[in-house]
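Single-structure report; data block below.
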Amino acid sequence: MIVIGLTGGIASGKSTVTQFFRDHDIPVIDADVLGHRTYDPGTETFDAVVATFGQDVVAEDGTIDRKVLGGKVFGKPDELKRLTDIVWPGIRKLATEKIAEFETAGNDLVVLEAAVLFEAGWEDLTDEIWVVTVAPEEAIRRLKERNGMEEEAARARIDSQLSNDERTARADVIIENNGSLEDLQRTIQREWDGLQQRLRAAAGR
């Protein structure tokens, strides 16, 4: 089985690439969804977050109050690292379990979508890494138009991420998304066709 690690920055178009795989009945493991699961009451991650950041991060319904937790780590790199040091291993554990489940079920291909694939050090879970890139100015335009974000806030979000160069240096497949949706879909189709050739070669066909 081949595991594709799919990553990219904000407004890069990762969700469009992910949807292409889903439309072709390829299982997608969404690290964001797993991240929410790690916060479930009763998990090791939940207990560690409460022990580290205080009982006040627990809402009245017994779940983690993400707004309160966010306030404790926003703009504080050391505190954010304390949080990711707790959460990322929890996500990795769940992702590893899902990959094993899909392999046992006989899947030839699985996608692990993770914005923080490199930051969290999950490359070793994958066989190929696909990076979706967008020029910073185009990403800012999309964030302003799509999310109603102020330019300064959009630029700050982008500047806080890995750069395109840092990502593409570690990529096996690079999908540039600076044009129209049609342009992106053509690029995805081309990379999909190449992937099918690699899968056939791996299977000896």
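Rule-based calculations on the coordinates, nothing more; no lab input. None of the values given here were measured: they were computed from a predicted structure.
Assorted remarks:
- Hz values of 3J(HN,Hα) by residue in the stretch 6-17 - Karplus curve (6.51, -1.76, 1.60), Gly and Pro given as x: 10, 8, x, x, 5, 6, 7, x, 3, 5, 5, 5
- Distances between placed amide hydrogens fall under 5 Å for Asp65 paired with Val58, Ala59, all partners being 5 or more residues away or on another chain.
- Computing mean projected area of the Cα convex hull in nm² directly from the structure and comparing it against [x] 14.4; [y] 12.8; [z] 11.3 singles out [y].
- Phi-based couplings in Hz for the stretch 170-186 (Karplus 6.51, -1.76, 1.60; Gly and Pro marked x): 10, 9, 8, 10, 10, 10, 7, 10, 10, x, 7, 4, 5, 4, 5, 5, 5
- Per-residue HN-Hα couplings for the stretch 37-45 [Karplus 6.51, -1.76, 1.60; θ = phi - 60°; Hz; x = Gly/Pro]: 5, 5, 8, 4, x, x, 8, 4, 5
- Rounded to the nearest whole angstrom, the semi-axes of the ellipsoid equivalent to the stretch 32-106, taken from the Cα gyration tensor as √(5λ), stand at 26, 14, 9, largest first.
- Degrees between helix 136-147 axis and first principal axis of the chain (Cα, 0 to 90, nearest 10): 60
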